[in-house]
1. Relative to the longest principal Cα axis of the chain, at what angle does helix 175-190 sit, 0 to 90 degrees, rounded to 10?
2. Does the stretch 24-111 come out rounded, prolate or oblate, given a ≥ b ≥ c as the square roots of the eigenvalues of its C-alpha gyration tensor, rounded meaning a/c under 1.5 and, failing that, prolate meaning a/b above b/c?
3. Once you order the gyration tensor axes a ≥ b ≥ c over the Cα atoms, which shape class does the stretch 122-185 get: rounded for a/c under 1.5, otherwise prolate or oblate by comparing a/b with b/c?
4. Among the trypsin sites (Lys or Arg not before Pro) in the stretch 1-84, which ones are in a DSSP loop with at most 13 other Cβ atoms within 10 Å of the Cβ? Mind listing them?
5. How big is the stretch 68-147 by the Kirkwood estimate over distinct Cα pairs, in Å?
6. What residue among D122, D39, D16 shows peak mean-square fluctuation when the chain is described by a Gaussian network model with Cα springs under 10 Å?
7. Can you tell which of Q76, Q100, Q14 shows the greatest fluctuation in a Gaussian network model of the chain with Cα springs below 10 Å?
8. Within 10 Å of each candidate Cβ there may be at most 15 other Cβ atoms; applying that plus a DSSP loop requirement, which GluC sites (Glu not before Pro) in the stretch 1-81 survive?
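The values are calculated or read from the model by the stated rules, or taken from the named source; none is laboratory data. What you see is a predicted model, and the numbers here were worked out from it, not measured in a lab. Because the Cβ atoms are built from the backbone with ideal geometry, glycine has one as well, and the counts that use them run over all protein chains shown. Keep in mind that these areas ignore ligands, DNA and RNA; they rest on the heavy atoms of the full protein, side chains included. Shrake-Rupley method; radii C 1.70, N 1.55, O 1.52, S 1.80 Å.
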Amino acid sequence: IPAFAKTFAIAFAQIDHPLLAADRILESGLSVESMEILDKTALDASLKKKTFIFPHTTRALLIADITAETPEELEQAASRFEQICLDSYSIASEIETEEQERKKIWAIRKGAFPALAKIAPDIVLEESCVPRSMLTKAVKKTRDVLRTYRLNAGIIISPGPGSIQPHIAFDRRITQDLRRVKTVRGQLIKE
């Protein structure tokens, strides 16, 4: 268990910006315990009826924990983390050190799946992993496929392992929806 930790919730106006930030953060040598990115659909679903407010231009949210052995090291790391995000076009941030407040930030991520599952009667979760160098391209392809087939999905990305997780909400009772989901699953695997 790290001696000192901070949790960041960093808002971005474009989905590729937190991917850029994550890549820079992972290359920086900062001690990152965990890092996830939620797209606008996942974020909006999770934040419904909650008091966490980000700018209306937010299209993606990066959530991360950084750790250090001393308060001074933590402050230096936090400053560096924030600067990387600013250099990667972040538009707002929420930074917490208190355990209860840190849990509130992570509740956004943890609440995404149950919230997305309420959008439609059914939900299917896909997961693909790609090399980090291909992550931005893979996320774009995933979004393009979902858009082409007009499916509602929230996307959660784990940049460390290069994981892309589209949560596709649909109604299996509608034959056309079920066909589209089956086609999209195959297409995403192919891509």
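1. Here the helix axis deviates by roughly 50 degrees.
2. Numbers: a/c = 2.07, a/b = 1.49, b/c = 1.39.
Taking the square roots of the gyration eigenvalues as a ≥ b ≥ c, the stretch 24-111 is prolate.
3. On the way: a/c = 2.97, a/b = 2.11, b/c = 1.41.
It comes out prolate by the Cα gyration axes.
4. Values: sites: K6, R24, K40, K48, K49, K50, R59, R80; in loops: K48, K49, K50, R59.
Qualifying residues, ordered by number: K48, K49, K50.
5. Numbers: mean 1/r = 0.0613 Å⁻¹.
Computed over Cα pairs of the stretch 68-147, the Kirkwood hydrodynamic radius comes out at 16.3 Å.
6. Residue with maximal mean-square fluctuation among D122, D39, D16: D122.
7. Q100
8. Sparse-neighbourhood loop GluC sites (Glu not before Pro): E69.
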